[in-house]
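> Please read through the structure below; I'll follow up with questions.
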Amino acid sequence: MAFDPWGGVWATSLADQVYAWLRAAVQDGTLARGQKVTERELAARLGVSPTPVREALRQLIHERVVVRTGPRSLQIARYDPETLDEIAETEARLRGLVARFAARKRSQALVTSLYESLAEADALVARLTSAQRDGTLNECAESLARVMAILARFHQRIESAAGNPVMEALLAQSRVFSRDGRLHRTIERIDSRPERFIRRYREHQALLDAIAEGDEERADHLAYTHHVTAARRRGTPRP
């Protein structure tokens, strides 16, 4: 994963950018769980001085994403399967509450933007299901990546609409330990169980309808069920 030291330089400090890169690198496996790291090694890798790396690592140690194993030695945190299961359930519970608050604070602008997102994804999903029937699904990785990006923005908008910065921060921390959701595994699931993929995709429409109607209980239940089911199906990676 590339690091752009100029990306967002006017909006955040270099330490903030290094922190964001390190979190993302842990989440996507660029930095593996249990991997030993040093300030100097990471600074050289990112092309920055050790100072912003040190500041970023200090925050990640506080968040238990990185652990100190000695006076100068650090390691990416590695948790047992039971702990990862509990983190996944915590994330699902938080997502339910976020959806509840979004339904409570909904605006027409939010609802319109969410409907537009799903309309864009609908066309891509139709293309994917057609490719699955034709046996050409492996040629549609780009379309699937776009669907996943659209759905990620869909959930991000719901989080923002909840208007609770503390909850957003808790969700961001739990996502660092989310299970692996690589593109090729999603393609395999669509190919073997297309009806399951479609059913899970349509859960987004049901969630949006609940938010649009201001149905807090249903929004909470749908969001929790959607995310906890996804976590269980992905399974817990072994440390």
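Bear in mind these aren't lab numbers, they're just calculated from the coordinates by the rules spelled out. As the structure is a prediction and not an experimental result, all values here were calculated from the model.
> Rounded, prolate or oblate: which one fits segment 14-76, using the alpha carbon gyration tensor with axes a ≥ b ≥ c (rounded when a/c is under 1.5, else prolate when a/b beats b/c, else oblate)?
rounded
> Connecting C-alpha atoms closer than 10 Å in a GNM of the chain, tell me which of Ser160, Ser130, Ser143 has the biggest fluctuation.
Ser130
> Amide H of Val37: which non-local residues (sequence gap of 5 or more, or other chain) have their own amide H closer than 5 Å, using H built in the peptide plane?
Leu74, Gln75, Ile76
> While we're here: Across segment 127-140, in residue order, what do the Karplus-derived ³J(HN,Hα) couplings come to in whole Hz, using 6.51 cos²θ - 1.76 cosθ + 1.60 with θ = phi - 60° and x for Gly and Pro?
5, 5, 5, 5, 5, 5, 5, 8, x, 10, 4, 5, 8, 10
> What ³J(HN,Hα) values, in whole Hz, does the Karplus curve 6.51 cos²θ - 1.76 cosθ + 1.60 give for segment 201-211 when θ = phi - 60°, with x put for Gly and Pro?
With the stated coefficients, segment 201-211 comes to 5, 5, 4, 5, 5, 4, 5, 4, 4, 5, 5 Hz.
> If the viscosity is 1.567 mPa s and the temperature 4 °C, what Stokes-Einstein diffusion coefficient in µm²/s follows for segment 106-149 when Rh is the Kirkwood radius over Cα pairs?
After rounding, the answer is 114 µm²/s.
> A follow-up question, please. Taking H placed 1.01 Å from N in the peptide plane, check which residues at least 5 places from Val66 or on another chain put their amide H under 5 Å from its amide H.
Answer set, sorted by chain and number: Ile61, Ala77.
> Okay, next question. Could you tell me what fraction of 2.2 N^0.38 Å the Cα radius of gyration of the chain comes to, as a two-decimal ratio?
The reported ratio for this selection is 1.10.
> Oh, and also: Using θ = phi - 60° and the Karplus curve 6.51 cos²θ - 1.76 cosθ + 1.60, what whole-Hz ³J(HN,Hα) does each residue of segment 20-30 get, with Gly and Pro shown as x?
5, 5, 5, 4, 5, 5, 5, 5, 8, x, 4
> So, how do all the Cα-to-Cα distances of segment 6-135 break down into 5 Å bins, in percent, from 0 on up?
That works out to 2, 8, 12, 14, 11, 12, 14, 12, 9, 4, 1, 0, in percent per bin.
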